[in-house]
Amino acid sequence: MWLLNYGLQTASVAVLYVVGFTGGTFVFGAVTLYQLFRYTPLWPFVILYLSWVFLIDWKTPERGGRDQLRNFARRLAIFKYMKDYYPMTLVKTSELDPQTNYIFGYHPHGLFTEGASIGIGTDACGFGEKFPGIIPHLAVHSGLLKAWIYREILLSLGVVDATRESIKYVLTQKGAGHSIVLVVGGAAEISHCRPDSYVLQFSRRKGFIKLALETGCDLVPVFAFGQNNLFPLIGGGYNSRFSRFNRWLYSNTRCGFCCCWGFSWCLPKRSPIFVVVGSPIPVDKIENPTQETIDKLHSRYIEDIKELYKKYFKAYHPTDKSELLIV
């Protein structure tokens, strides 16, 4: 029985990374649709699907996503096996009001945001039981929601576009409890990902703060201990020559270089992830907030992230050494 569970966990995580990588790069959808069109009698389905996507469903990710099958998809057994692989635990530190809309700020990005995708984006860790009435919508880059077939997987899980208009729609038009999960540091943090080190890049990112003020939605800091410990990376620490070159490359091209390896060269090592959901920061609605107001709330948010880290890193970081740097 143990061997069976071990195999299912490994296979589930392999599916996560293979589908995630090939799907996000359009390979999965393009190859699948080509095979169906070229070698099966289902070619009319391919034409109908593409027509439906481009003519009818193209704007769905910007209009609150898709509610159909969301609860079913979030509870699929495959996500339980993914959760058990690491393993992953969702830690609740405070009650959340189901009549309130929230912006969850997730840190750090890591290589693949496993904590946000599985710990909050599905019910594998019991998010629905721990926070009843809160409906999380993971906000991702719009390019992922244009990838054929892969977009349907994401939309079935409640994922939405990370544009300002899309986020504002969820927070103001979907109803009470509908909340946004935003990986604040974004893909820029991938180049900073190192075991036992958390380099959070959001000291100048204040758009989500302004949006919280404009909508009156409380901010909830979330810290995933162990998120950066899944893959060994080449390149040294934050101040190494490689890291400095990577930051220069990203600032000039919006592209970075990352070299990592894992179990069988592609899977992450089994290292625990603890997704700690902090206490909400009350936000008063201000339709046109001043820069001073934005800066003040941003500073409060940074302090809460630091406090969340200091309070829980000894209990939840997978090793006995850890560092936090906000840039």
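The values are calculated or read from the model by the stated rules, or taken from the named source; none is laboratory data. Only a predicted model underlies this, so the values are computations on that prediction, with no experimental measurement involved. Note that each Cβ is placed from the backbone with ideal geometry, even for glycine, and that neighbours are counted across all protein chains shown. Heavy atoms of the whole protein, side chains included, go into the accessibility calculation; ligands, DNA and RNA do not. Shrake-Rupley method; radii C 1.70, N 1.55, O 1.52, S 1.80 Å.
Worth a mention:
- Of Asp218, Asp295, Asp304, the one that fluctuates the most in a GNM where the chain has Cα springs shorter than 10 Å: Asp295
- Across Lys206/Lys310; Lys92/Lys146; Lys92/Lys210; Lys210/Lys310; Lys80/Lys146, pairs whose alpha-carbon gap is larger than 30 Å: Lys92/Lys146
- For trypsin sites (Lys or Arg not before Pro), the sites in segment 71-107 that DSSP calls loop and that have at most 15 other Cβ atoms within 10 Å are Arg75.
- Here the Gaussian network model covers the chain, with springs between Cα atoms less than 10 Å apart; of Val53, Val13, Val220, Val53 fluctuates the most.
- Helix screen, the chain: DSSP H segments with Cα axial length of 20 Å or more and mean Kyte-Doolittle hydropathy at least 1.0 are 2-24.
- Among the listed pairs Lys130/Lys296; Lys168/Lys306; Lys83/Lys311; Lys83/Lys269, those beyond 19 Å (Cα-Cα): Lys130/Lys296; Lys168/Lys306; Lys83/Lys311
- Distance between the C-alpha centres of segment 103-134 and segment 14-92: 18 Å, rounded to the whole angstrom.
- Using the Cβ-Cβ distance between Glu287 and Thr32 with R0 set to 56 Å, the FRET efficiency works out to roughly 0.80.
- Amide H contacts of Leu200 (H built 1.01 Å from N, under 5 Å, at least 5 apart or other chain): Leu325, Ile326, Val327
- Long-range amide H partners of Ile135 with built H, under 5 Å: His178, Ser179
- Listed by chain and number, the aspartates and glutamates whose C-alpha is less than 16 Å from the C-alpha of Lys285, apart from same-chain residues fewer than 8 away, are Glu214, Asp218, Asp295.
- Positive-end residue of Trp43, Asn71, Ile135, charge dipole of segment 18-160 with Cβ unit charges: Trp43
- Among Thr122, Thr60, Thr290, the largest mean-square fluctuation in a Gaussian network model of the chain, built with springs joining Cα atoms closer than 10 Å, belongs to Thr290.
- Average accessible surface for the chain: 49 Å² per residue, computed with a 1.4 Å probe over protein heavy atoms with every protein chain in place.
- Here is the P(r) of the chain: all C-alpha pair distances, binned every 10 Å from 0, give 6, 25, 35, 25, 8, 1, 0 in whole percents.
- The H on the amide N of Thr100, modeled in the peptide plane, is under 5 Å from the matching H of Gly177, each at least 5 residues off or on a different chain.
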